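K.L.:
Structure provided below as structure tokens; questions to follow.
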Amino acid sequence: MAKAASEEFQRDLTGFVRGLAPEYARRIRGTTRLFESGVMDSLKVLDLISYLETALGIRIPDERVTLDNFRSIRAMTHAFWKPEESSH
């Protein structure tokens, strides 16, 4: 069940990221390096943080806002999605 919920969260997050960068939408996958490929920038990441905080009902502390944690959809899922914190 947790794996299915994690996959559902990744799908939702992928959809959100595709909406932030529609010109890259067809190329965005779970492992796409979002900053290196130009999909994300410093302004879009603020929207992404807000989305994650709202979707997961958490507060992301500044020290967790790192390239490693936001590098890809999969990295964000591993860094922030916790089954017990999510209603997914």
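K.L.:
Need the failing condition index for VAL45 against (1) touching a helix residue (DSSP H, G or I) at 6+ places or on another chain (Cβ under 8 Å); (2) without any contact (Cβ under 8 Å) to a residue 40 or more places away in the chain; (3) part of a loop (DSSP other than H, G, I, E, B); (4) on the phi < 0 side of the Ramachandran plot, just the number.
P.N.:
Looking at each condition in turn, VAL45 falls short on (3).
K.L.:
Filter the range 7-24 down to the residues that are more than 15 Å from LEU48 (Cβ to Cβ) and free of Cβ contacts under 8 Å to residues at least 24 places away in the same chain and list them by number. Reasoning before the result, please.
P.N.:
Within the range 7-24, the first condition is being more than 15 Å from LEU48 (Cβ to Cβ), and the residues that meet it are 7-8, 11, 23.
Listed by number, the residues that qualify are GLU7, ARG11, GLU23.
K.L.:
Being farther than 19 Å from LYS82 by Cα, surrounded by 13 or more Cβ atoms within 10 Å (Cβ to Cβ), hydrophobic (A, V, I, L, M, F, W, C) and in contact with a Phe, Trp or Tyr (Cβ under 6 Å, 6 or more places away or on another chain), is that true of even one residue in the range 47-69?
P.N.:
The answer is no; no qualifying residue exists.
K.L.:
Across the range 1-19, which residue is surrounded by the fewest Cβ atoms within 10 Å (Cβ to Cβ) among those that are of a type in the set (A, V, I, L, M, F, W, C) and closer than 10 Å to ILE73 by Cβ?
P.N.:
By that ranking, first place goes to PHE16.
K.L.:
Hey, another quick one. Going through THR14, THR66 one at a time, which residue ends up being among the hydroxyl-bearing types (Ser, Thr, Tyr), at pLDDT 95 or above and within 11 Å of the chain's Cα centre (by Cα)?
P.N.:
THR14
The values are calculated or read from the model by the stated rules, or taken from the named source; none is laboratory data. Quick caveat: nothing in here was measured; it's all calculated off a predicted structure. Cβ: placed from backbone, ideal geometry, glycine included. Neighbour counts: every protein chain shown.
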